[in-house]
Each structure stands twice: as structure tokens, then as C-alpha cells.
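Have a look at the structure below, then the notes.
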Amino acid sequence: MTRRTMVCALALSVVIWLGGMLLTAQEAKPAAAQAAAKAGERIALPAAAREGGMALHEALARRRSIREYTDKVLSERELGQLLWAAQGVNRPDGHRTAPSAMARYPLELYVATPSGFFHYEPREHQLERRGGDLRPAISKAARGQKQIMLSPAVFVFTAVFERMGAKPDDPRAARWIYAEAGHAAQNLLLEAVALGLGGVPMGGFDDKQLQENLSLPADHRPVYMVPVGQPR
Ligand SMILES: Cc1cc2nc3c(=O)[nH]c(=O)nc-3n(C[C@H](O)[C@H](O)[C@H](O)COP(=O)(O)O)c2cc1C
């Protein structure tokens, strides 16, 4: 082999080795961390399963409040399934898995995970990144209730009261919104059971502090919260 051929062969092996290293690094990065590099970035979620799974009566029989979780981080498939159960679109007309008074859909759903704080966009079934890991900020607004920091996915239900179109002093708007948050949260809790996970509905937080700590839009008022994880 001539000196020139040897140099060429060496250069080629370096290029192949570097390429391999780059590919391995890409694969090794968790998908959510890769996708969640920039605020405002959209992350497409895997299509939610609509068939199969645990029977509803079994999920009902197993449901209980779970406040302690293992270290397991939820996969994008699990996150997508839970978000879809709570507020996903399940028909071509854009209507959702949870009922809504006059189909006004006042709820806006967020999820706080170790890889970031995200807003769920039901129509596109995708996440919009809003910030980093905000679970400590949520914990502060919830008097340090331990399940928040233990949970790998804290779902925060907010509502746009103005979307109901009722007059500001019309008590029906609030009644409808709280009923709807209950429907959506129960969907989420039962889906968690069906996936072998567990959660707890939470109303014990300071609304104003939570809204500020999460830098939520002024009209997205927190109404309910559900930390989820793999039961310990
Ligand atoms: C509106 C509402 C608010 C709740 N808030 C909290 C809370 O802030 N923290 C908590 O640990 N559990 C909270 N829970 C869960 C209840 O404590 C729990 O559902 C109750 O003890 C019954 O237990 P089970 O869910 O296991 O059947 C709340 C439940 C509801 C319905």
C-alpha cells in the first residue's frame, strides 16, 4: 500500500468513526430533551390509542389517590395518552374526550415534567414548550405537598372564564367550568390507572401564586391539578 492510499484509508476511517459517534449521541439523548431545546418549540405527540387497554370497570375498581411514585419518567406515548384522555380531540368536528358546556372548551391544559413545562394543543395533539422544570414552582404554590416533586408529570388545568360568554356576575360560568374540570381530571385519572400509573386530584394550592410562578397568561386561571407517576 502506498503512503497516499494509507492516508486516504485513515481519513476515511476517522470520518466513519465520527459519523457513528454523532449518530449514537443523537440516539442516546432522551426524545423529550432533544425536542425541548427552545421555548415555543412544538413537540408532536404519538397518536393516542383509541382501542384496547384495561376495561373501564377494572380501572374504576382500581382507582384510588396515589401520592408516592417511583423515579420512572413518563414516555411521550404515556404523556400523549394522558393528555388525550383529559382534553384530546376524538371526533372530526373537533369535539373532545371530555364534555364541555355549549362546546366552548374553556380549559387549557399544561404539564410539568423534569424536561420542561408544556402547554397541550389538542387540535394538533402536540406540546408547546413554555419553560424548564417548573415542578418546584408548583410545589411552592401547593404548600410543598410532597407528591408534586415526586411526580414525573404534574398536569395543571387552567380555565379561560371569559370563553363561556356569560356575564361576569353569572354564577353559571364558574359552575360549568368546575364541572368540566372534574370531567377532564377524572378521564386523566382513569387513563392513568389503565396505563399502570396513578395520580391524585389536587385543589390545595394558591391560585394566584401558581399562576405567577408558572408565568401563565393572565386569562388562564388555574382550577385543578393532577400529579401522575408509577405507583411506588
Ligand atoms: C376537589 C378535590 C381536591 C383535592 N385536593 C387534594 C389536595 O390538594 N391534596 C391531596 O393530597 N389530595 C387532594 N384530593 C384527594 C382526596 O384527598 C381524595 O380523593 C380522598 O381522600 C379520597 O381518597 P381516594 O381518592 O383514594 O378515593 C382532592 C380531591 C378532590 C375531589
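The values are calculated or read from the model by the stated rules, or taken from the named source; none is laboratory data. Only a predicted model underlies this, so the values are computations on that prediction, with no experimental measurement involved. Because the Cβ atoms are built from the backbone with ideal geometry, glycine has one as well, and the counts that use them run over all protein chains shown.
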message: Looking only at region 43-96, count every residue that is within 16 Å of the ligand (Cβ to nearest atom), in contact (Cβ under 8 Å) with a residue 40 or more places away in the chain and not charged (D, E, K, R) and tell me the total.
response: 6
- request: Provide a single number: the residues in region 168-199 that are within 14 Å of the ligand (Cβ to nearest atom), aliphatic (A, V, I, L, M) and surrounded by 20 or more Cβ atoms within 10 Å (Cβ to Cβ).
  value: 8
field: region 90-103, subset in a helix (DSSP H, G or I) and exposed (fewer than 15 other Cβ atoms within 10 Å of the Cβ), residue nearest to the chain's Cα centre (by Cα)
entry: ALA103
Failed condition for LYS146, given (1) away from the ligand (no atom under 14 Å from the Cβ); (2) surrounded by fewer than 22 Cβ atoms within 10 Å (Cβ to Cβ); (3) not hydroxyl-bearing (Ser, Thr, Tyr): (1)
query: Between a first residue in region 195-212 that is assigned by TED's automatic domain parsing to the domain that holds TRP84 and within 16 Å of LYS146 (Cβ to Cβ) and a second residue that is among the aromatic types (Phe, Trp, Tyr) and within 12 Å of the ligand (Cβ to nearest atom), which pairs have beta carbons less than 7 Å apart while being 6 or more apart in sequence or on different chains?
result: PRO201/TYR224
- prompt: Got a sec? Which of ARG123, ARG135, ARG163, ARG129 is charged (D, E, K, R) and within 16 Å of the ligand (Cβ to nearest atom)?
  reply: ARG135
- request: Mind listing whichever residues of region 36-89 are over 12 Å from the mean Cα position of the chain (by Cα), buried (at least 20 other Cβ atoms within 10 Å of the Cβ) and at pLDDT 95 or above?
  value: ILE66, TYR69
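Looking at PHE117, PHE157 in this structure, which one is among the aromatic types (Phe, Trp, Tyr), away from the ligand (no atom under 16 Å from the Cβ) and either over 17 Å from SER65 (Cα atoms) or more than 15 Å from the chain's Cα centre (by Cα) (or both)? Walk me through how you get there before you give the answer.
On the way: PHE157 fails: away from the ligand (no atom under 16 Å from the Cβ).
Matching residue, one of PHE117, PHE157: PHE117.
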